[in-house]
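Below is one structure, written out as structure tokens, with a few remarks after it.
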Amino acid sequence: MRRGTRLFGLDLGEGMITAQAAIAILLLIGAGLVGESVRRLFDVELGFRADRLLTFDYRMPRSQLAAEAQPALDRSADFREEFLRRIGPG
């Protein structure tokens, strides 16, 4: 019968199997904890009603940004203020 490699009186083959099993168990426990954390994230109160949320993305055309950056930024700020004034409460 052939014996495995021995180091300090321990059979390395059996030690590797034990180490692999221990690492697998640790990984499963870690995955369970991450899964539980994600599940709890879905239960967190957001602080606002997501069904009443309006979002949009506005980008200035590059042709308007090419001349100088500051006037374009001013136009963007003016647009935002006008937009908010028009959709504001009331």
(message) For the ranges 24-37, 43-56, what's the packing order if you count other beta-carbon atoms within 10 Å of each residue, average per peptide, and put the highest first?
(response) 24-37, 43-56
(request) Work out the FRET efficiency for Leu54 and Ala31 from their Cβ-Cβ distance, taking R0 = 30 Å, and round it to the nearest 0.05. (result) 0.20
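Rule-based calculations on the coordinates, nothing more; no lab input. Not measured: the values here are computed from a predicted model. Note that we place each Cβ from the backbone using ideal geometry, even for glycine, and neighbour counts take in every protein chain shown.
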